[in-house]
1. Among the trypsin sites (Lys or Arg not before Pro) within segment 110-146, which fall in a DSSP loop and have no more than 16 other Cβ atoms within 10 Å of their own Cβ?
2. Counting only residues 5 or more places away or on other chains, whose amide H sits under 5 Å from the amide H of W175 once H atoms are built in the peptide plane?
3. With each pseudo-label sitting 7 Å past Cα toward Cβ, what's the I123-R179 distance in nm, one decimal?
4. Which chymotrypsin sites (Phe, Trp or Tyr not before Pro) from segment 32-100 combine a DSSP loop assignment with at most 16 other Cβ atoms within 10 Å?
5. Please list 3J(HN,Hα) in residue order for segment 35-49, calculated via the Karplus relation 6.51 cos²θ - 1.76 cosθ + 1.60 where θ = phi - 60°; whole Hz, with x for glycine and proline.
6. May I ask you to evaluate 6.51 cos²θ - 1.76 cosθ + 1.60, the Karplus curve with θ = phi - 60°, for each residue of segment 64-79 and list the ³J(HN,Hα) values in order in whole Hz, giving x for glycine and proline?
7. Would you mind checking which residues have amide H under 5 Å from V132's amide H? H placed 1.01 Å from N; only 5 or more apart, or other chain.
8. How large is ³J(HN,Hα) for each residue in segment 89-103, as worked out from phi by the Karplus curve 6.51 cos²θ - 1.76 cosθ + 1.60 (θ = phi - 60°), to whole Hz, x for Gly and Pro?
Amino acid sequence: MFSKTAHLNSVVRDIASTPLVWILRRMEVILMTTRIRRWVETDTGHRVPNHNSKCRNFHGHRYRWEAEIEGDLVSLKGISEEGMVMDFSEVSRILNEQIHDVVDHSFIVFEGDDEAIRALSEIGDEHRTVIVPFVPTAENLAKWAFDRVDPHIKSSYGNSITLHAFHVRETPKSWASWRP
């Protein structure tokens, strides 16, 4: 028979061996209460070179790049951000600088896709090509966007905020998300 003390010790041992991030995610309802989302759209081309369908061809999408930010509301009285997690205009500025201005009207290509790189280089310097170290699927682009935006999501007024997730919509019916 299992004693209460042995059971408690087992639970404590299990918690102690669990990564802190996992525990905090389970407590997120208590720790952080508000999430906001802001997005930008781009017209961007790509291809999935090894795919078994038409996606292996050069094509483009109207991408929607959406940051989901979680945090405490600014509680300082009398400032313009009072009651906000983060000013939407600041989120827009970050998304424009880190995503829109980089990939809008450009072609994203995997650094290992020699055929695409060769074809795009023949167009000339006026063509906007973004070379990435991964196959540019929506799933990989969501992580790439998260990694570009995350360092710029900072608290300005002592509230605790984080980039919770990044969502990339490739078509009206298809999207991918990434979160740590």
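Nothing in this text is a laboratory measurement; each read-out follows from the coordinates by a stated rule. Note that the coordinates shown come from a computational prediction; the quantities given were computed from them, not determined experimentally. Positions of Cβ are generated from backbone atoms using ideal geometry, with glycine treated the same way; all protein chains shown enter the neighbour counts.
1. Values: sites: R118, R128, K143; in loops: R128.
For trypsin sites (Lys or Arg not before Pro) across segment 110-146 that sit outside H, G, I, E and B with at most 16 neighbouring Cβ atoms in 10 Å, the list reads R128.
2. Correct list: E170.
3. 3.5 nm
4. Working: sites: W39, F58, Y63, W65, F88; in loops: F58.
Passing sites in segment 32-100 are F58.
5. 10, 10, 9, 9, 9, 10, 10, 9, 9, 9, x, 6, 8, 10, x
6. 10, 10, 10, 8, 10, 10, 10, x, 7, 6, 5, 9, 5, 7, x, 9
7. Excluding prolines and chain starts, which carry no amide H, the hits are V109, F110, E111.
8. 5, 6, 4, 4, 4, 5, 5, 5, 5, 8, 10, 3, 5, 8, 10
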